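In what follows, a single structure is set out as structure tokens and then discussed.
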Amino acid sequence: CEVAEADELVAQLRVLKAAGVDGVMVDCWWGNVEAHHPQEYNWTGYKRLFLIIRDLKLKLQVVMSFHECGGNVGDDVSIPLPEWVIEIGKSNPDIYFTDREGRRNTECLSWGIDKERVLQGRTAVEVYFDFMRSFRVEFDEYFEDGIISEIEVGLGACGELRYPSYAANHGWKYPGIGEFQCYDRYLQKNLRRAAEARGHAMWAKSPDNAGHYNSEPNNAGFFCDGGDYDSYYGRFFLNWYAQVLLDHADRVLMLARLAFEGSAIAVKVSGIHWWYKTASHAAELTAGFYNPCSRDGYTPIAQVLKKHGAALNFTCVELRATDQHEVFPEALADPEGLVWQVLNAAWDAGIQMASENALPCYDRDGFNKTLENAKPRNDPDGRHLFGFTYLRLCSTLFEGPNLPEFERFVKRMHGEAVLDLKA
């Protein structure tokens with residue numbers, strides 16, 4: 001909870017400010033702030049950091065990060081969940097998402113304990129609310145002055161609204177389909193109740209033919225063309241699995257709206273573009289997005305966000321389908337098709353749409369693709385993204401031609417006419 005290398009950070013932020021950047025996004029890590037004891041919050045480092053940002057007249061997007069940092073793409077630090085939560089997990093590992101072989105994922109808490117008083121007398125949702133409320137009180141002046149322009153609410157793995165279905169620490173490699181993460185006893189109990197309510201108690205089980213983390217859809221009986229994903233049971237299971245995700249978003253956003261009344265809130269949704277050109281969209285299904293080719297899985301998410309006045313922040317806007325096909329032709333990926341689907345789901349629901357890049361981006365082609373998605377040229381209604389967050393601030397951004405390309409991109413994002421000439 002201290003600011004490391006403050007002088008270097010200030011120097012970098014000054015360069016960003018001069019480049020025309022509006023503000024920065026900062027993760028508020030649950031594991032740092034409420035590290036040792038329940039409801040004992042240490043905001044010291046964030047107070048100093050926010051003061052630096054305010055003095056430079058930059059704005060703040062703040063992420064309520066209820067997940068651990070480490071083990072994912074771009075992670076070079078490790079911030080686990082709070083120590084007292086980890087202690088609870090030692091005697092009750094079912095607080096974590098669990099795969100079919102019983103492996104626990106300690107990146108975030110299972111949504112099965114959203115309403116279970118297993119965290120020293122509190123439910124998971126109450127813990128999240130208390131944390132958000134403490135932040136809102138602690139940084140009241142930043143809200144009142146408009147310096148905090150948006151709160152992004154972490155709702156799952158990587159702070160994204162998804163199951164941790166493709167965790168690298170469980171052996172997953174791109175473009176594996178991932179695995180369902182519903183084998184903790186709380187979600188299994190939820191599944192049993194759902195099956196009994198449907199009148200089919202024998203459906204109270206997860207698929208046993210859904211492959212493994214690195215399977216391809218055509219090698220798994222559940223996901224292959226004509227597979228069980230489209231059977232009566234398969235549709236029941238996938239609908240339940242996706243509904244658990246929607247219910248989690250609904251519960252936490254209701255409390256976020258209470259904690260941050262009057263402030264803009266957003267939710268990050270991951271861009272799972274691999275296997276998008278198959279019938280089952282297996283990688284999306286294991287992550288909780290019920291989006292096979294016969295069904296729209298993103299409109300229900302957009303509707304939950306609309307209910308709570310939240311914006312949708314989506315990734316992978318810089319990726320091109322042709323580039324993906326060149327590198328991993330077997331993945332049958334289509335990031336552009338996915339972005340287009342999600343853009344339309346958000347806009348049709350009448351909610352604001354923002355985005356981030358999924359992978360490091362320093363080249364003009366990636367920036368131009370982002371601009372295409374941010375401001376679609378031929379949209380008859382003139383719709384566009386309301387914000388874009390560039391990932392991420394690092395020393396590479398300031399090397400060689402990277403900074404001039406970035407400055408040019410920022411100008412175009414702000415609507416300035418810039419000649420498309422290579423230096």
Got at least one residue in the range 60-67 being among the aliphatic types (A, V, I, L, M), within 26 Å of CYS182 (Cα to Cα) and assigned to a helix (DSSP H, G or I)?
-> no
So VAL21, is it over 17 Å from LEU397 (Cβ atoms) and of a type in the set (A, V, I, L, M, F, W, C) | no
Looking at the range 330-347, is at least one residue open to solvent by 20 Å² or more (accessible area, probe 1.4 Å), part of a helix (DSSP H, G or I), of a type outside the set (Ser, Thr, Tyr) and over 30 Å from ASN219 (Cα atoms)?
-> yes
How many of the residues making up the range 221-236 are part of a helix (DSSP H, G or I) and either in contact with a Ser or Thr (Cβ under 7 Å, 6 or more places away or on another chain) or within 18 Å of LYS115 (Cβ to Cβ) (or both)?
-> 1
Scanning for something more than 21 Å from PRO335 (Cβ to Cβ), part of a helix (DSSP H, G or I), open to solvent by less than 20 Å² (accessible area, probe 1.4 Å) and out of contact with any Asp or Glu (no Cβ under 7 Å at 6 or more places or on another chain), does the range 275-289 turn up at least one residue?
-> no
Among residues of the range 143-167 being open to solvent by 30 Å² or more (accessible area, probe 1.4 Å) and closer than 30 Å to TYR213 by Cα, the residue farthest from the chain's Cα centre (by Cα) is TYR166
Evaluation of LEU191 against (1) open to solvent by 10 Å² or more (accessible area, probe 1.4 Å); (2) part of a helix (DSSP H, G or I); (3) touching a Cys at 6+ places or on another chain (Cβ under 7 Å); (4) under 19 Å from ARG103 (Cβ atoms) (one fails), failing number = (1)
For the range 223-235, how many residues are over 18 Å from ALA194 (Cβ atoms) and either open to solvent by less than 40 Å² (accessible area, probe 1.4 Å) or touching a strand residue (DSSP E or B) at 6+ places or on another chain (Cβ under 8 Å) (or both)?
-> 3
Scan the range 103-142 for residues that are within 18 Å of TYR166 (Cβ to Cβ) and either surrounded by fewer than 20 Cβ atoms within 10 Å (Cβ to Cβ) or free of Cβ contacts under 8 Å to residues at least 24 places away in the same chain (or both) and jot them down.
-> ARG103, ARG104
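For the range 40-62, check the following and say yes or no: at least one residue is of a type in the set (Ser, Thr, Tyr) and without any contact (Cβ under 8 Å) to a residue 12 or more places away in the chain.
The answer is no; no qualifying residue exists.
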Test result for GLU318, charged (D, E, K, R) and assigned to a helix (DSSP H, G or I) = no
Starting from residues that are open to solvent by 50 Å² or more (accessible area, probe 1.4 Å) and part of a helix (DSSP H, G or I), keep the ones in the range 169-188 and report whichever is modelled with the lowest pLDDT.
-> ASN169
Go over the candidates LEU419, LEU391 one by one and state the one that is outside any helix (DSSP H, G or I) and open to solvent by less than 60 Å² (accessible area, probe 1.4 Å).
-> LEU391
From the list GLU83, GLU87, GLU34, GLU107, which residue is over 21 Å from SER395 (Cα atoms) and within 20 Å of the chain's Cα centre (by Cα)?
-> GLU107
Within the range 198-222, can you find the residues that are within 19 Å of SER110 (Cβ to Cβ) and open to solvent by 60 Å² or more (accessible area, probe 1.4 Å)?
-> LYS205
Filtering the range 68-116 down to residues that are of a type outside the set (A, V, I, L, M, F, W, C), within 17 Å of GLY178 (Cβ to Cβ) and assigned to a loop (DSSP other than H, G, I, E, B) yields GLY71, ASN72, ASP99, ARG100, GLU101, GLY102, ARG103, SER110
Does any residue of the range 258-273 turn out to be part of a helix (DSSP H, G or I) and closer than 29 Å to LEU305 by Cβ?
-> yes
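A quick yes/no check of all residues on (1) of a type in the set (Lys, Arg); (2) closer than 20 Å to LEU245 by Cα:
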position	(1), (2)
VAL77	no, no
GLU83	no, no
ILE86	no, no
LYS90	yes, no
THR98	no, yes
GLY112	no, yes
Of the residues that sit in the range 1-38 and are of a type in the set (Gly, Ala, Ser), at pLDDT 95 or above and open to solvent by 20 Å² or more (accessible area, probe 1.4 Å), which one is farthest from GLU356 (Cα to Cα)?
-> ALA11
Count of the range 361-383 residues which are part of a loop (DSSP other than H, G, I, E, B) and modelled with pLDDT under 90 | 9
Here are some residues: ILE95, ILE79. Which one is touching a strand residue (DSSP E or B) at 6+ places or on another chain (Cβ under 6 Å), touching a residue at least 60 places away in the same chain (Cβ under 8 Å) and among the hydrophobic types (A, V, I, L, M, F, W, C)?
-> ILE95
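The values are calculated or read from the model by the stated rules, or taken from the named source; none is laboratory data. Just so you know, these numbers come straight off a predicted model, no measurement behind them. Positions of Cβ are backbone-derived with ideal geometry, glycine not excepted, and every protein chain shown enters the neighbour counts. Note: areas computed on protein heavy atoms with side chains; ligands, DNA, RNA excluded. Shrake-Rupley method; radii C 1.70, N 1.55, O 1.52, S 1.80 Å.
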